[in-house]
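The values are calculated or read from the model by the stated rules, or taken from the named source; none is laboratory data. Owing to the predicted nature of the structure, the values given are computational and were not obtained by experimental measurement. Glycine gets a Cβ as well: all are built from the backbone with ideal geometry, and neighbour counts include every protein chain shown. Please note that ligands, DNA and RNA were not included when accessible areas were found on the heavy atoms of the full protein model with its side chains. Shrake-Rupley method; radii C 1.70, N 1.55, O 1.52, S 1.80 Å.
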Amino acid sequence: MKLQLALDLVNIPEAIEVVKEVQDHIDVVEIGTPVVINEGLRAVNEVKKAFPNLTVLADLKIMDAAGYEVMKATEAGADIITILGAAEDASIKGAVEEAKKLGKQILVDMIAVKDLKGRAQELDALGVDYICVHTGYDLQAEGQNPFEALRIIKSVVKNAKTAVAGGIKLETLPEVIQANPDLVIVGGGITSKEDKKATAAEMQKLIKEAVTA
Ligand SMILES: O=C(CO)[C@H](O)[C@H](O)COP(=O)(O)O
């Protein structure tokens, strides 16, 4: 089980500062969709250059022209690129094919997918690397969380790794860990804290304890 830090509400220098602080306690750093919208793929490039040993995920939430966008994110230095589960199968196949060619990975974000079970099974058969349940900010604001969705996809996904995102905090991490995802994605649960390093370290500790238990 790995820990991914999601950076959404920062510019490039701020992103680099946050990663400097927590780098010893995370496995993956996500350049969030708002950062890519504000700064472009340059954000992926700058963070990868600053932290070549960290896995960098570009949260492009691709919906179309998938092969091309995966190629551009890869050129910028991304190791994992996201596509939406709601995209056409042709787009998913294009993303997977391009990523495999370039030695990169595809994470499918299931945000807004209604038939989680059915779509997860289809995506699993299409050879994606990760299937991620995600309660976005707009549904978090309505009090929703991704915990039940994680249990649903865990019951059907056979080949892909599973991931979970959406408002996860130190206090809710134990419940997430219990469902045993391969990747736990945390944004505000770390970035909103005064002591980001200590929070990430505590999260990493809980994950390590669970993995070795
Ligand atoms: O992709 C995202 C928003 O669309 C976020 O990166 C993801 O939800 C994780 O951030 P948080 O833990 O703050 O919810």
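How many residues does the range 142-169 contain that are assigned to a loop (DSSP other than H, G, I, E, B) and open to solvent by less than 50 Å² (accessible area, probe 1.4 Å)? Give the derivation first.
Filtering the range 142-169 for residues assigned to a loop (DSSP other than H, G, I, E, B) gives 142-146, 155-160, 166-169.
Checking the rest, the ones that are also open to solvent by less than 50 Å² (accessible area, probe 1.4 Å) come to 146, 156-157, 160, 166-168.
Residues flagged as assigned to a loop (DSSP other than H, G, I, E, B) and open to solvent by less than 50 Å² (accessible area, probe 1.4 Å) within the range 142-169 amount to 7.
Please work out if Val29 is under 28 Å from Ala149 (Cβ atoms), within 12 Å of the ligand (Cβ to nearest atom), assigned to a strand (DSSP E or B) and touching a Ser or Thr at 6+ places or on another chain (Cβ under 9 Å). Reasoning before the result, please.
Values: under 28 Å from Ala149 (Cβ atoms): yes; within 12 Å of the ligand (Cβ to nearest atom): yes; assigned to a strand (DSSP E or B): yes; touching a Ser or Thr at 6+ places or on another chain (Cβ under 9 Å): yes.
Judged against the criteria, Val29 is a match.
Can you find a residue that is under 19 Å from Val35 (Cα atoms) and touching a Phe, Trp or Tyr at 6+ places or on another chain (Cβ under 9 Å) anywhere in the range 142-165?
No, the range 142-165 contains no residue that is under 19 Å from Val35 (Cα atoms) and touching a Phe, Trp or Tyr at 6+ places or on another chain (Cβ under 9 Å).
Does Gly127 satisfy the condition of being within 11 Å of the ligand (Cβ to nearest atom) and either buried (at least 18 other Cβ atoms within 10 Å of the Cβ) or within 24 Å of Val56 (Cβ to Cβ) (or both)?
Criteria not met by Gly127.
For the range 9-20, give me each residue that is surrounded by 15 or more Cβ atoms within 10 Å (Cβ to Cβ) and either assigned to a helix (DSSP H, G or I) or touching a strand residue (DSSP E or B) at 6+ places or on another chain (Cβ under 7 Å) (or both).
Ile12, Ala15, Ile16, Val18, Val19
Give the residues of the range 71-101 that are open to solvent by 40 Å² or more (accessible area, probe 1.4 Å) and either closer than 18 Å to Thr162 by Cα or hydroxyl-bearing (Ser, Thr, Tyr) (or both), sorted by residue number. If you could, list the steps in order and put the result at the bottom.
Residues of the range 71-101 open to solvent by 40 Å² or more (accessible area, probe 1.4 Å): 71-72, 75, 86, 88-90, 93, 97, 100-101.
The answer is Ala86, and nothing else.
Going through the range 102-124 one residue at a time, which ones are within 17 Å of the chain's Cα centre (by Cα) and either open to solvent by 40 Å² or more (accessible area, probe 1.4 Å) or within 16 Å of the ligand (Cβ to nearest atom) (or both)?
Those that are within 17 Å of the chain's Cα centre (by Cα) and either open to solvent by 40 Å² or more (accessible area, probe 1.4 Å) or within 16 Å of the ligand (Cβ to nearest atom) (or both): Lys104, Gln105, Ile106, Leu107, Val108, Asp109, Met110, Ile111, Ala112, Val113.
Of everything in the range 55-70, what is over 16 Å from Ile111 (Cβ atoms), surrounded by fewer than 21 Cβ atoms within 10 Å (Cβ to Cβ) and within 16 Å of the ligand (Cβ to nearest atom)? Give them in sequence order.
Thr55
If you go through the range 170-213 one residue at a time, how many are in a strand (DSSP E or B) and of a type in the set (Val, Ile, Thr)? Before the answer, list the steps.
So the first thing to find is which residues in the range 170-213 are in a strand (DSSP E or B), and the list is 183-186.
So of that shortlist, the ones also of a type in the set (Val, Ile, Thr) come out as 184-186.
Summing the residues that are in a strand (DSSP E or B) and of a type in the set (Val, Ile, Thr) in the range 170-213 gives 3.
Might you let me know whether the range 31-49 holds any residue that is of a type in the set (Lys, Arg), crowded, with 16+ Cβ neighbours inside 10 Å and out of contact with any His (no Cβ under 6 Å at 6 or more places or on another chain)?
Yes; the residues of the range 31-49 include at least one that is of a type in the set (Lys, Arg), crowded, with 16+ Cβ neighbours inside 10 Å and out of contact with any His (no Cβ under 6 Å at 6 or more places or on another chain).
Limited to the range 163-195, what total is found for residues that are away from the ligand (no atom under 11 Å from the Cβ), over 21 Å from Asp109 (Cα atoms) and small (Gly, Ala, Ser)?
The number of residues fulfilling the criteria is 0.
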